[in-house]
Structure formats: structure tokens, C-alpha cells
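Encoded as C-alpha cells, the structure appears first; notes follow it.
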Amino acid sequence: MKKSKWFYSTPYYLWLLFFVITPVVMIFYQSFFNIEGNFTFENYQIYFTSGTYLKMTLNSVWYAFLITLITLIISYPTAYLLSKTKHKQLWLMLIVLPTWVNLLLKAYAFIGIFSTHGGVNHFLEFIGIGSRQILFTDFSFIFVAAYIEIPFMIMPIFNSLEELDPSLISASRDLGANSFETFRRVIFPLSLNGVKSGVQSVFIPALSLFMLTRLIGGNRVITLGTAIEEHFLVTQNWGMGSTIGVVLIVAMFIIMRLTNEKKRKGGPLSK
Amino acid sequence: MKKKKWSNLYLFLVFIFLYVPIFYLIFYSFNAGGTMNDFTGFTLSNYQTVFDDARLIGIVLNTFMLAFLSSLIATTIGTFGAMGIYFTKRRRTRNALLSLNNILMVSPDVIIGASFLIFFTFLGISLNFFSVLLSHIAFSIPIVVLMVLPKLNEMNASLLDAARDLGASTFGVIWKVILPFITPGVIAGYFMAFTYSLDDFAVTFFVTGNGFSTLSVEIYSRARQGISLEINALSALIFLFSICLVIGYYFISKDNLTKKQKRRLRQQSEAREIL
């Protein structure tokens, strides 16, 4: 069995080598070359000294934070109430269904809804506020990004609430805690792992949604993802693009460190 | 009772919020007016335009072909990869393999796209269908592994020993014992890989050249030019198709669930007999 194992999982190990390890190494390597192809530390120097890049990074992190916060505020009660409904699986399926619609189509729908004569402005005129510019603003970007990420926040929180042992809640009630106390001291702390993995799966994409900044943000919002796309596909400055890519990878690791479960009981495989 | 009413209202509002944009899109696909603002009259001509647009149909076929092929190859590599991880006895090696496996799951799309672009350019692979196919296989493999591995862990290891004691070859053990047991996981992995491929925009956008386009890339370039109700009609068709896929997936996962429940019930009854 041992020898043959190497035989049939060879393609998998090759994949690990060529499509996981090599690309990450290459993006690091590329970040040390300037646009003429000479080896240099210039890119990092520019990144850390010219204020524009640092400001852009801070901006991107701030937007990602806002998006994550808004999705969390909407998703936690949803997941909590969902876990109390009767036909859970059906409702959960209805939550998941919108994620199967292509992201670009959802963004496209919002171009129609937020446009000058679109649905929202019709409504605003109807209630007497009057139409205003909604598309191509910071608000529209955050709104659409939150819309897209909500299901990805609901699912992990819902799962953690489902795993919660109901006898703990009964115990807490029996010991005299009211429902708010029970929630604050039992339910919420125990669902924190779900919240963490939800934050992880929303925050990282929120740093890099370049198609939304283009279609909905109208190039007013620049995230790390937009900057990378710009450098790679428009200005063809791959070195600088890779440098920002390295920054994004570092940001990713920081977030994963912060959101990973602290008490690891021997990894995900142990039972 | 009153509390229940409020919670139902909240859930209802969230569902409205999630579905309004999609139905807005589909609603205007029947608009004769040509914009997403005023509904001037009912028409099916937007659907007619979709079916007459040979280029668009070609792109749709390309996208499905790509999803079909990439998920098939990714499922094969991923399933055997999961077995490789399963049979790795040292815990540290196994955890290292799992962490490596998950790198592409958590990496932002732009990073995957940009690094693959550097990699392909370095190797001199031209950017066309082949480069897109390779990338789609690459980012679908980890999800297959994550779907198959729990099934392998559920398997009773003595089954394998029994098969080998009875003289089965390695191939026989895999083909007759392991594969039948993990089939639901493999199918779920295939479905997930398929939807990953259909859904992907950013990675494809980076690694595709002039000659090859997928639906997402096409929608992006058309949406940048403004509104055309042809896209609305197309999205209505895609939404219908997604519903069919979800229903299919639902039945597969339900199958998984009932087996799990059956086992739990059996364990409970066994426990009762012992008592």
C-alpha cells in the first residue's frame, strides 16, 4: 500500500508543487524586479515611502472592515433565527442559492437598480426625497460587496449554532439565567468560532474585489485587488503588482492568525 | 408569540434583500423598452437575441465545456490526493499537507490569477483555453480534497484490512472498497468544482488571452459598456440552470445525510441492546 500510495497520488503532489508552492514563490521573486527587469528593492521602497500606496492600503483595509462589520451585523441575527426555524435545511438552501448566481450578474443587477433612473431612485422620488447619484459612490461599493458576502457569513455562524449542544441552553435556563444572559454567556461565546471563520471568509475577498470597484465603485474606490489588477493588466508593471500582492498575502496571514481557533486540539483531522 | 412574529419578519426581510436584485434582473429581461428602468411592455425578444447571438452561445458552450473538463480532472486528482493524505500516517506531515491544500482555498482570486499569470509567462505557455483549463483544475482540486477526506475518515479502517486479508490487490481495495464508500463525497466534490469553475471571474480574467473568453469575462466587458437586456435574459436562463443544479446537489447531500442518520439510529439501537 505504501509504495502504491506514491504512485496514485503523484498528480496531487505535483499539483501542490507547481500550482501552490511555485506561484507563491514566483510572486515573491517577481516583486524584486522593476519594470525594466532589473533586480532591485525599489518596489518595496516606493511602496513604503510614497504615501499613495500606504494610503491606498489603509483605505482598502478600512473598506474591508466596514463590509465585514455590516455583513456580521445583518448575518448573526439571521443565522440565529434560522437555527430556530422548523425547516432549517430548506431555509439554508434558500440562503445558499443566491451564491450560485454569478457574482458579475449580481453586480450588473445593481448597475440597473442604482442607476440615475433605476429602481432605488424611482422609490426615492416617490417618497419625496428626490433622485440622487448612487452608482459610482463609496456607499454603493460597500452595499453591493456586503450583499454579495452575506451568505458566506451566515453559513459558518449557522453551522456553529447548530453544533451547539441544546442541553447547555437548558442548563443555563435551569440555573436561573434569563434568555439575554443565556445568549451573552453561553450561546454567543460558543458560536464565536463560526463568527471567526465568517470574518475570515468575508474580510479577505473584501480586500481584493476589483471587479466591483470597477463596475459599481466607478474607479473611485481603489482596493488592494484593484491596484494589483491595474499593475498587471493595464500598466504592465508586474514588479510593483507583485509587491502589492505580497502585501495582500501578508494581510491574509495576519487575518488568519487572528481568526484561527486558539485552542487547536491536534488539527482538523483528529476526532 | 409576538417575538416569533418579529423574528419571522426579520428573516423575511433578509430573504427579500437577497432575492430582489436577482428578480429585478429577471423581471426586466421581459421588458420591451430596452432599459432596466421603465417597463414598457412584455416581450420575449431579448431571449430571441440570446439564442441568435452565435458568439454568445459559443461562449456559453465554452464555459460549460471548461467547467465539465476541469472539474472532471480536478475530481480525479483530488480524490487520489485525499487518499494520499488519508494514508499518511504521521500527523505532522498530514497537517502540513492539509495546510498546503488549503492555501488556494483562502487566497484571494487576484493573487491566484496574478501568480498563475507570472508562472505561465515564465514557462512560455501561451494564454488561451489551455492556460485557463490548467488554472481551473488547479483552484478546484482543494475543494474536492476537502469534500472527499471526511468520507475517508468516516470509513471503517478494518474494512481495508479485511479486503487485503482476503487477498485483494491495492487496485482491488481502491476500486471495490474505498471508491464505493466515498462516492457521495466524490460527487459532492465534483459539483463544487463545477460551480467554482462556472463562477470564476478573476482568475480567468488574468490568465485568458484574446482567443478565449468565458461567460463571466464576457458579462464583465459588456457590463462595462452599459446595460443590454440580452444579459438580463441570459441571467434568467442561468438562474434557472442554477436552481436545477442546487436541487440536484440537495438530493445528493440529502442522501449523505440520511445515511449518516441511519447509522446514528443504528448505533443508538445497538447501545440500547447492550444496556
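What is the angle, in °, between the Cα long axis of helix B:179-199 and the longest principal axis of the Cα atoms in chain B? Nearest 10 is fine, range 0 to 90.
Between helix and principal axis, roughly 20 degrees.
Out of region B:87-146, which trypsin sites (Lys or Arg not before Pro) are coil in DSSP terms and have no more than 16 other C-beta atoms within 10 Å? Numbers along the way, then the final one.
Details: sites: B:K89, B:R90, B:R91, B:R92, B:R94; in loops: B:K89, B:R90.
Here the trypsin sites (Lys or Arg not before Pro) that fit, given the DSSP loop and packing criteria, are B:K89, B:R90.
Taking R0 as 30 Å, what FRET efficiency do you get between B:T121 and A:Q133 from their Cβ-Cβ distance, rounded to the nearest 0.05?
Details: r = 40 Å, r/R0 = 1.35.
E(calc), rounded to 0.05, equals 0.15.
Could I have the simple spin-label model distance between A:L90 and A:F28, label points 7 Å from Cα toward Cβ, reported in nm to one decimal?
Going by the 7 Å Cα→Cβ label model, 5.2 nm.
Whose amide H sits under 5 Å from the amide H of A:F33, counting only residues 5 or more places off or on another chain, with H placed in the peptide plane?
Here the answer is A:T40, since their amide H atoms fall under 5 Å of that of A:F33.
Could you rank the peptides B:123-136, A:81-94 by their average count of other C-beta atoms within 10 Å per residue, with the highest value first? Kindly include the intermediate steps, with their values, before the conclusion.
Working: B:123-136: 17.0, A:81-94: 14.6.
Descending packing order for the listed peptides: B:123-136, A:81-94.
Just to check, using Stokes-Einstein with a Kirkwood Rh over alpha carbon pairs, what's the diffusion coefficient of the protein assembly as shown at 37 °C and 0.692 mPa s in µm²/s?
Working: Rh = 25.5 Å.
Approximately 129 µm²/s, per Stokes-Einstein.
What are the ³J(HN,Hα) couplings of region A:203-219, residue after residue, when phi is run through the Karplus curve with 6.51, -1.76, 1.60 and θ = phi - 60°? Round to Hz, x for glycine and proline.
Couplings: 5, 5, x, 5, 6, 10, 6, 7, 5, 5, 5, 6, 7, 9, x, x, 6 Hz.
Could you report the buried accessible area between B and A, both sides summed, computed with a 1.4 Å probe and given in Å² to the nearest 100? All intermediate terms of the calculation are to be shown ahead of the outcome.
Details: alone 17350 and 17320 Å², together 27160 Å².
For chain B against chain A, roughly 7500 Å² becomes buried.
With all distinct Cα pairs included, what does the Kirkwood hydrodynamic radius of region A:1-81 come out to in Å, to one decimal, could you say? Mind dumping the intermediate values first?
Details: mean 1/r = 0.0573 Å⁻¹.
Radius from the Kirkwood sum: 17.4 Å.
Using only the Cα atoms of region B:55-265, what do you get for the radius of gyration and for Dmax, in Å?
Considering region B:55-265 through its Cα atoms, Rg and Dmax are 19.9, 67 Å.
Could you give the nm distance between label points at B:L237 and A:F48, where each point is 7 Å from its Cα heading toward the beta carbon?
Spacing of the two 7 Å Cα→Cβ label points: 5.4 nm.
Quick one: net charge of A:R220's neighbours, Cβ under 11 Å, K/R +1, D/E -1? It would help to have the intermediate numbers written out before the result.
On the way: positive: A:R214; negative: A:D138.
Net charge in that neighbourhood comes out at 0.
What's the extension gain from B:L44 to B:F17 if we count 0.36 nm per residue and subtract their Cα-Cα distance? Could the numbers behind the result be given before it?
Details: separation 27, 0.36 × 27 = 9.72 nm, distance 2.68 nm.
Value of the extension gain: 7.0 nm.
Mind checking A:19-32 for the average number of partner chain beta-carbons within 10 Å of each residue's beta-carbon?
Details: counts 13, 11, 2, 6, 16, 7, 2, 8, 7, 1, 2, 7, 0, 0.
Neighbouring Cβ atoms belonging to other protein chains average 6 per residue here.
Out of the total accessible area of chain A (probe 1.4 Å, heavy atoms of protein only), what percent is carbon and sulfur? Intermediate values should be presented prior to the final figure.
Working: 8930 of 13500 Å².
After summing per-atom areas, the C and S share lands at 66 percent.
Give me the percent of the accessible area of region B:55-265 that comes from carbon and sulfur atoms, probe 1.4 Å, all protein chains in place. Display every interim value, and only then the final one.
Numbers: 5980 of 9050 Å².
That share works out to 66 percent.
Enter the angle in degrees (range 0 to 90, nearest 10) between the Cα long axis of helix B:109-123 and the first principal axis of the Cα atoms of chain B, meaning the one along which they spread out most.
With both axes taken from Cα atoms, the answer is about 80 degrees.
Would you mind checking which residues have amide H under 5 Å from A:S191's amide H? H placed 1.01 Å from N; only 5 or more apart, or other chain.
Here nothing satisfies the definition.
How many angstrom separate the Cα center of region B:142-163 from the Cα center of region A:189-223?
Their Cα centres are 34 Å away from one another.
Buried by at least 40 Å² relative to the chain on its own: which residues of region B:1-41 qualify, computing accessible area with a 1.4 Å probe on protein heavy atoms?
B:Y10, B:L11, B:V14, B:F15, B:F17, B:L18, B:Y19, B:P21, B:I22, B:Y24, B:L25, B:N37
Could you give me the radius of gyration and the Dmax of region B:88-159, taking only the C-alpha atoms into account and expressing both in angstrom?
Every Cα atom of region B:88-159 included, Rg and Dmax give 15.8, 49 Å.
For region B:219-230, take each phi angle, set θ = phi - 60°, evaluate the Karplus expression 6.51 cos²θ - 1.76 cosθ + 1.60, and give the result in whole Hz per residue in order, putting x for glycine and proline.
Once θ is set to phi - 60°, the couplings for region B:219-230 become 4, 4, 5, 6, 5, 5, 8, x, 8, 9, 5, 4 Hz.
Need one value for A:224-231: mean number of C-beta atoms belonging to other chains within 10 Å of its residues' C-beta atoms. Can you show the working numbers first?
On the way: counts 3, 7, 1, 1, 7, 6, 0, 1.
Mean partner-chain Cβ count within 10 Å for A:224-231: 3.
Can you give me the accessible area per residue for chain B, using a 1.4 Å probe, in Å²?
Values: 13660 Å² over 275 residues.
Value for chain B: 50 Å² per residue.
Report, as an integer, the average count of C-beta atoms from other chains found within 10 Å of each Cβ along A:142-148. Please report the intermediate quantities before stating the final value.
Details: counts 0, 0, 1, 0, 1, 4, 1.
Rounded to a whole number, the mean comes out at 1.
When ligands, DNA and RNA are left out and all protein chains stay put, how many square angstrom of accessible area per residue does region A:21-259 have with a 1.4 Å probe? Walk me through the intermediate numbers first.
Values: 11020 Å² over 239 residues.
Result: 46 Å² per residue.
In region B:110-130, what residues drop by 40 Å² or more in accessible surface going from the chain by itself to the full protein assembly, probe 1.4 Å?
Residues losing area: B:V110, B:I111, B:S115, B:L117, B:I118, B:F119.
Using helices alone, what [θ] at 222 nm do you get for the protein assembly as shown, with -39,500 (n - 2.57) per DSSP H run of 4 or more residues, divided over all residues and rounded to the nearest 500?
-24000 deg cm²/dmol
Normalising by the residue count of chain B, find the relative contact order in percent from Cα pairs under 8 Å and 6+ residues apart. Numbers along the way, then the final one.
Numbers: 250 pairs, mean separation 78.6, N = 275.
It rounds to 29 percent for chain B.
Hey, which of these cross-link pairs are over 30 Å Cα-Cα: B:K89/B:K176; B:K4/B:K151; A:K55/A:K196; A:K106/A:K196? Could you put the intermediate results ahead of the total?
Numbers: B:K89/B:K176 22 Å; B:K4/B:K151 38 Å; A:K55/A:K196 27 Å; A:K106/A:K196 26 Å.
Going by Cα-Cα distance, B:K4/B:K151 fall outside the 30 Å limit.
Measure nothing but the geometry: give the 0 to 90° angle between the long axis through the Cα atoms of B:2-28 and the longest principal axis through the Cα atoms of chain B, rounded to 10°.
The angle comes out at about 60 degrees.
The values are calculated or read from the model by the stated rules, or taken from the named source; none is laboratory data. Since the model is a prediction, treat every value here as computed from it, not as a measurement. For neighbour counting, all protein chains shown are included, and Cβ atoms are generated from backbone atoms with ideal geometry for every residue, glycine included. The protein model used for the area step is the full one, side chains on, heavy atoms only, and it has no ligands, DNA or RNA in it. Shrake-Rupley method; radii C 1.70, N 1.55, O 1.52, S 1.80 Å.
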